[in-house]
Amino acid sequence: MPSDWESKIYEACWGAAAGGGASLVLYFLQPIIMRWSLTRQISVYPEEIHGSHKRCRVCNRGYWTVAQAMIYIALDYDLENDIITPPKGEDAFVNPNHRIPLRGDQLCWSVRSPTVNPMKVDIFAKERQPFSPCDIRGDCVMIPSEEGWEFPKDGSPRKARVFLRRRRQPYTGFLKIVSADTDACFFRISIDPDKEPRPIEIAPICAMDLPYKF
């Protein structure tokens, strides 16, 4: 039979081992828990009209910073009938000479610091960062690219993603938010120019419900 002091040593050893094991498990689980929690706390919603630009917000409702967040957009449109020639002084990656689908191309953020319309931003806890998924004009809908909303200072054309004609049916698609600290978050988006003053609708969607890889 072990003595009292031996029993106390055994208990202390087992306690240290259990505590060390718990600390080790927590060490490996903490980043997973933080990433899972932050992913669930990302929300996207349309905001008030900002001129012809339709502004939205990405909100971090979590307790930690979301670093290097980026936005991607996919839209469904008719390759033959919906793509139009960019207006004078502007250009687009997708145009009548390059008719390709929009399946996960980057948007820019509507912030001016540290650079104008960056592709990546940090979103602090409880902070909201703005972006504009489109510019609704009298005869078309302009989808911006990651190059931003500013006109180049050298006078060259501003490069959008695509110019789409206005039509009776809304343009529908998806947004994807990715970052260094979350899994990808997906949202369904609808752009209906005839539904002023709220032409944009956004709702979360499960990645498994997407009709294509995005």
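FYI, it's all coordinate maths here, none of it is from the lab. Nothing here was measured: the structure is a model prediction, and the numbers come from that model. When we count neighbours, we look across all protein chains shown, and the Cβ atoms used for this are built from the backbone with ideal geometry, even at glycine.
For 159, 88, the sequence from fewest to most other C-beta atoms within 10 Å is 88, 159. Set the bar at 22 Å for Cα to Cα. Now go through 126/176; 54/213; 120/176 and name every pair that lies beyond it. In this structure, 54/213 lie more than 22 Å apart at Cα.
Relative to its residue count, the stretch 99-154 spans a Cα convex hull of 130 Å³ per residue. Just to confirm the number: angle between the C-alpha axis of helix 4-40 and the first principal axis of the chain, 0 to 90 degrees, nearest 10? Around 0 degrees separate the two axes. Between residue 195 and residue 59, the contour length at 0.36 nm per residue exceeds the Cα-Cα span by 46.6 nm.
Taking other C-beta atoms within 10 angstrom as a stand-in for reagent exposure, 35, 161 fall in the order 35, 161, fewest first.
Amide hydrogen proximity for residue 183: with H placed 1.01 Å from N in the peptide plane, the residues at 5 or more positions away or on another chain lying under 5 Å are 39.
The share of alpha-carbon pairs in the chain lying farther apart than 31 Å comes to 33%. Taking each DSSP H run with n ≥ 4 as -39500 (n - 2.57) and averaging over every residue of the chain yields -6500 deg cm²/dmol at 222 nm.
Less than 5 angstrom separates the built amide H of residue 104 from those of 73, 74, 75, all sequence-distant by 5 or more or on a different chain. With equal scatterers on the alpha carbons only and no solvent term, can you work out the Debye log10 of I(q)/I(0) for the stretch 131-214 at 0.20 1/Å? So the normalised log intensities are -1.04.
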